[in-house]
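The values are calculated or read from the model by the stated rules, or taken from the named source; none is laboratory data. A quick note: this is a predicted structure, and the numbers were derived from the prediction, not measured. Counting neighbours? That spans all protein chains shown, and the Cβs are built from the backbone with ideal geometry, glycine included. Please note that ligands, DNA and RNA were not included when accessible areas were found on the heavy atoms of the full protein model with its side chains. Shrake-Rupley method; radii C 1.70, N 1.55, O 1.52, S 1.80 Å.
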Amino acid sequence: MTFSSAARIAGVIRKLIVAGVVVVCVPLQNLAWAEDAHEAEILRVNDKLTLASLLTTTLERHPQAGVLAARSATIDAESSYAKRWLPDTTSLTAFHMSDRSFDDVGAYENEVALTFPMWLPGEKRAQNRLGEVLTASRVSGEAGLRWRVSGQLRQQLWQLRLAARQWQLALEQEQRLAEVLAQVTLFAEAGELSRADQLATMEEFAIWKGETMLLEAEYMDAIRVYHSLTGLDAIPADINEQLSEKLEIGEDHPVLRQAMDRMAELSAATDVIREGSNLRPSLDVFWRGFRGDRRSPEVNALGIGFAVPLGKSPRREPEVAKAYEEFAGAQAGLLETKRALELQLHEASHVLHTTRERLENSETIVKAADERHQLDKLAFELGEFSTREWLRRLSQFKEIERSHELILIQQGAAIAAYNQAVGESL
């Protein structure tokens, strides 16, 4: 092969690779068919869909939403009970007694009584405190669920973006190699390129074909997980977040706030158990009508009485001890939660710092690689190295570009992970 012929062929290949001329060939037709087969599974980008509205939609169908609604009903019931004048239902008792079956002298006695149960000293105050604590914990419970679902959404959105971009870059590289392979095959059949160059191009194309198939499968899996979580076939156009200004875990962190409210709730519940009793005082108002015999006048009387328990039920002691045990467990859980959150923040900060440094270094590498790529293209046009060497250098350059774009995505994911760690919900 003459120098001018090699330069001409190299120039054609260079134009195909650099300018992006589409050459119709079987591999490209297969690619188009593969994209059509998954067209229904590819997510739409919705410009009107925001991260906040996406979170709201996800929360509405989240399994824990029903638990949260049931807890809200429990809180309302406890608060309403604390406002009752009487701690239990008023009871009505009545009896009739007569001597007809025995002496039959006409003696009888009737009685009707109303029993009003009373709060124990300190019991109503403890119940009121429990209602107030539960009402306050309603907000922290909702915020805690919102924060946890935000973390799931953030993770899935950025996994989806990373998988989509990896697949897209692999498709672009596969298409470039398919175009080159088509031309190299033509030149090889014409005898202007060696069979070795054709085989090298076919090998490179096959490698990227396999890579594309794997990345496509990962992307489709990410879509299914996202759809299962949100129930939507669309994603927000912009999922980037501003980096939070918080530097440490504060008491306003949703999970920490929820753990603290849980401690307060168990403390109030312990007071209710301690102040309460299975036996409680009661006020009895009764009417009694009686007669000694048929010659005696009927007597009607109205009375009032009290029932006061002498001490509290010994059964309460194990219940109080159990309540203290649960409170101690909540204290330990609070400390463990705070420790876990601090470790999560430390890890998120480290990943964010490392990703920023990697991005700066990658920008330097990309700049140098771009300059080297221009020189390689010129050298290839002049026939200074073979097609096989050109493909190897082109692959290295595209891998550098690919790595740089993935680091950009990883930086966005690192910012989202940091915001999650400091307690920022979507």
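Go through the stretch 26-62 and give me each residue that's under 14 Å from GLY231 (Cα atoms) and either modelled with pLDDT of 85 or more or touching a Leu at 6+ places or on another chain (Cβ under 7 Å) (or both).
LEU49, SER53, LEU54, LEU55, THR56, THR57, THR58, LEU59, GLU60, ARG61, HIS62 - these are the residues of the stretch 26-62 that are under 14 Å from GLY231 (Cα atoms) and either modelled with pLDDT of 85 or more or touching a Leu at 6+ places or on another chain (Cβ under 7 Å) (or both).
Output the number of residues of the stretch 238-262 satisfying the condition of being surrounded by fewer than 17 Cβ atoms within 10 Å (Cβ to Cβ) and either in a helix (DSSP H, G or I) or small (Gly, Ala, Ser) (or both).
Final tally of qualifying residues: 2.
Just to be sure before I move on: is GLU363 without any contact (Cβ under 8 Å) to a residue 60 or more places away in the chain, more than 30 Å from LEU120 (Cβ to Cβ) and not in a helix (DSSP H, G or I) in the structure I sent?
So GLU363 fails the test.
Looking only at the stretch 225-237, count how many residues are loosely packed, with under 14 Cβ neighbours inside 10 Å and either aliphatic (A, V, I, L, M) or at pLDDT 90 or above (or both).
Counting residues in the stretch 225-237 that are loosely packed, with under 14 Cβ neighbours inside 10 Å and either aliphatic (A, V, I, L, M) or at pLDDT 90 or above (or both) gives 1.
Take the stretch 372-426 and flag every residue that is under 27 Å from MET202 (Cβ atoms) and not in a helix (DSSP H, G or I).
LEU382, GLY383, GLU384, PHE385, SER386
In the stretch 103-119, how many residues are farther than 24 Å from ASN300 by Cα, among the hydrophobic types (A, V, I, L, M, F, W, C) and open to solvent by less than 70 Å² (accessible area, probe 1.4 Å)?
Here the count works out to 1.
If you take the residues of the stretch 381-406 that are of a type in the set (A, V, I, L, M) and open to solvent by 40 Å² or more (accessible area, probe 1.4 Å), which of them is nearest to GLN198 (Cα to Cα)?
Here the residue is LEU382.
For the stretch 141-159, state whether one or more residues are touching a strand residue (DSSP E or B) at 6+ places or on another chain (Cβ under 8 Å) and touching a residue at least 40 places away in the same chain (Cβ under 8 Å).
yes
Does ALA368 meet the test of being among the hydrophobic types (A, V, I, L, M, F, W, C), in a helix (DSSP H, G or I) and either more than 30 Å from PHE205 (Cβ to Cβ) or modelled with pLDDT under 90 (or both)?
no
Taking the stated definitions as given, is THR89 assigned to a loop (DSSP other than H, G, I, E, B) and either open to solvent by 50 Å² or more (accessible area, probe 1.4 Å) or among the small types (Gly, Ala, Ser) (or both)?
Yes: the conditions hold for THR89.
Is it the case that the stretch 166-175 has a residue that's charged (D, E, K, R), within 25 Å of GLU251 (Cβ to Cβ), part of a helix (DSSP H, G or I) and touching a residue at least 40 places away in the same chain (Cβ under 8 Å)?
Scanning the stretch 166-175, I find no residue that is charged (D, E, K, R), within 25 Å of GLU251 (Cβ to Cβ), part of a helix (DSSP H, G or I) and touching a residue at least 40 places away in the same chain (Cβ under 8 Å), so the answer is no.
Among the numbered criteria (1) in a helix (DSSP H, G or I); (2) open to solvent by less than 50 Å² (accessible area, probe 1.4 Å); (3) at pLDDT below 85, which one does LEU193 miss?
Here LEU193 meets the rest and fails (1).
Using beta carbons and a limit of 7 Å, which pairs, at least six apart or on different chains, have the first residue in the stretch 307-321 and touching a residue at least 40 places away in the same chain (Cβ under 8 Å) and the second one surrounded by 11 or more Cβ atoms within 10 Å (Cβ to Cβ) and part of a helix (DSSP H, G or I)?
ARG316/ILE273; GLU319/ILE273; VAL320/THR270; VAL320/ILE273; VAL320/ARG274
Quick one: which residue in ARG100, ARG138, ARG154 is open to solvent by 80 Å² or more (accessible area, probe 1.4 Å) and either at pLDDT below 90 or within 19 Å of the chain's Cα centre (by Cα) (or both)?
Sole residue among the options that is open to solvent by 80 Å² or more (accessible area, probe 1.4 Å) and either at pLDDT below 90 or within 19 Å of the chain's Cα centre (by Cα) (or both): ARG100.
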